[in-house]
Amino acid sequence: MARYFKKSVMSLAGYEPPPQERVRAKLNQNESPFDLPEEFKREVLAEAAALSWNRYPASESGALKNALAARHRLQPEQILPGNGSNQLLQTLLTAVIEPGDGLLFFPPTFGLFDLFATINGADKTAILCPPGRPFPLEQALAAIRTRVPKLILLCSPDNPTGRALSRPEIEAICQAAPGLVFLDEAYAEFNGWSGLSLLESYPGLILSRTFSKAFCMAGLRLGYLISRPANIAELRKAHLPYTVNLITEHIAVRLLARPELLEERVAWIVRERDWLLGELQEIAGIAAYPSAANFILFRCAECGSLFRRLKERGILVRDVSGYPLLENHLRVNVGSREENLWFLETLKEELS
Ligand SMILES: Cc1ncc(COP(=O)(O)O)c(C=O)c1O
């Protein structure tokens, strides 16, 4: 196989998608527990039926860029939509990293950072960030000075730890960075603060957003990058055309016109997350960390066996014990109240 494939690819274990089975409580992929309302789905699908499916979609997704620009008070030229934010991360690494270029990131963090950095041959520097402890800013700044990374990958709120970086932390990194700073904000809607307000001050800042979490559209695949127009123009060159299909674009534009649908759901998830955290913290044998996202990371003894026992009883959580520093950790996302109660009850029974 070495004749056929890059060494960097052959060295990978590969991304294993977590189980998608129908279960009593599916709490393993940080999805929204809420589907969009039936009447909304029927309306937008009828409208989508009237579109010309035989034609390519507008490759620039103009209507979507206009709607997103209006939402964030930006220019459409500051936005690059794609088939999920994962795909845009791949576009970013393709556009920026040549073999040997320095890349700084902060594990445990989003697993695809390491994967795409490896495939692109980046010279990786990893600063470990133990969950539940302050972000190691001084160490990060020292690494920026000595390693001079071309690209810094941040995730806030972070998956899987739930940690949010503060504005001063992000600003200190942007000020020190010699190259680009990428901030994955897949969970920003659950946090209440976003790096959007920093875009004007830091020309090397690129934000990433998704419709898969707060927007309840994981199945339709949509994400977007935000940066200054000159950065977006370069990223576009490395991005495939037509990655957003016309039905997804239509539905997203219609959803952006109904912000109340999302606001209610996000507010409920944030309240439920804080309640779930309180409940988890009461359980002996569990150490749960505060979270600014729609999921909670917790430590427990023999998490592999607990994960399997929960699964056998129809509760799917995420076993994150393979991440650096996360031995014996599981991650659970906020589900419906019914799912959360099943989860808590089953967890208590299994631990007693
Ligand atoms: C930090 C982070 N970024 C991006 C994604 C993926 O987003 P998308 O569905 O838009 O590809 C996830 C999904 O879990 C995530 O946790």
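Tell me, yes or no, whether the stretch 93-101 has at least one residue that is within 12 Å of the ligand (Cβ to nearest atom) and out of contact with any strand residue (DSSP E or B) (no Cβ under 9 Å at 6 or more places or on another chain). Looking for residues that are within 12 Å of the ligand (Cβ to nearest atom) and out of contact with any strand residue (DSSP E or B) (no Cβ under 9 Å at 6 or more places or on another chain), one finds none in the stretch 93-101, hence no. Residues considered: R209, R236. Of these, the only one that is away from the ligand (no atom under 16 Å from the Cβ) and basic (K, R) is R236. The residues on offer are V317, V244, V266, and the sole one that is more than 30 Å from A126 (Cα to Cα), touching a Leu at 6+ places or on another chain (Cβ under 7 Å) and touching a residue at least 12 places away in the same chain (Cβ under 8 Å) is V244.
I'm checking my understanding of the structure. Among residues of the stretch 277-311 that are in a helix (DSSP H, G or I) and charged (D, E, K, R), which one is surrounded by the fewest Cβ atoms within 10 Å (Cβ to Cβ)?
So the first thing to find is which residues in the stretch 277-311 are in a helix (DSSP H, G or I), and the list is 277-281, 303-311.
The next check asks that each one be charged (D, E, K, R); those that pass are 279, 308-309, 311.
On the way: E279: 18, R308: 12, R309: 16, K311: 16.
So, considering only residues that are in a helix (DSSP H, G or I) and charged (D, E, K, R), the one surrounded by the fewest Cβ atoms within 10 Å (Cβ to Cβ) is R308.
Within the stretch 150-166, the presence of a residue that is farther than 30 Å from D319 by Cα, in a helix (DSSP H, G or I), away from the ligand (no atom under 13 Å from the Cβ) and in the same structural domain as V96 (by TED's automatic domain parsing) is excluded. Evaluated against (1) assigned to a loop (DSSP other than H, G, I, E, B); (2) farther than 30 Å from M10 by Cβ, Q139 falls short on exactly one condition, (1).
Taking the condition within 12 Å of the chain's Cα centre (by Cα) and either under 17 Å from L225 (Cα atoms) or away from the ligand (no atom under 11 Å from the Cβ) (or both), does A186 pass? If you could, list the steps in order and put the result at the bottom.
Values: within 12 Å of the chain's Cα centre (by Cα): yes; either under 17 Å from L225 (Cα atoms) or away from the ligand (no atom under 11 Å from the Cβ) (or both): yes.
It is true that A186 is within 12 Å of the chain's Cα centre (by Cα) and either under 17 Å from L225 (Cα atoms) or away from the ligand (no atom under 11 Å from the Cβ) (or both).
Checking Y202 against (1) touching a Lys or Arg at 6+ places or on another chain (Cβ under 8 Å); (2) without any contact (Cβ under 8 Å) to a residue 60 or more places away in the chain; (3) among the aromatic types (F, W, Y), only one condition comes out false. Which one? It is condition (1) that Y202 fails. State the number of residues belonging to the stretch 148-178 that are surrounded by fewer than 17 Cβ atoms within 10 Å (Cβ to Cβ) and touching a residue at least 40 places away in the same chain (Cβ under 8 Å). Going through the stretch 148-178 one residue at a time, the tally reaches 1. If the condition is being buried (at least 22 other Cβ atoms within 10 Å of the Cβ) and not β-branched (V, I, T), then the stretch 100-109 contributes L103, L104, F105, F106, P108. Would you check if A95 is of a type in the set (A, V, I, L, M, F, W, C) and surrounded by fewer than 22 Cβ atoms within 10 Å (Cβ to Cβ)? When the stated conditions are applied, A95 passes them. Considering the stretch 189-206, the residues that are modelled with pLDDT of 95 or more and assigned to a loop (DSSP other than H, G, I, E, B) include one that is nearest to the ligand (Cβ to nearest atom), namely N191. Within the stretch 216-266, the set of residues being more than 17 Å from L80 (Cβ to Cβ) and touching a helix residue (DSSP H, G or I) at 6+ places or on another chain (Cβ under 6 Å) comprises L220, I247, H250, I251, R254, V266.
The values are calculated or read from the model by the stated rules, or taken from the named source; none is laboratory data. Since this is a predicted model, take the numbers as computed values, not measurements. Neighbour counts are summed over all protein chains in view; Cβ atoms, including those assigned to glycine, are modelled from backbone coordinates with ideal geometry.
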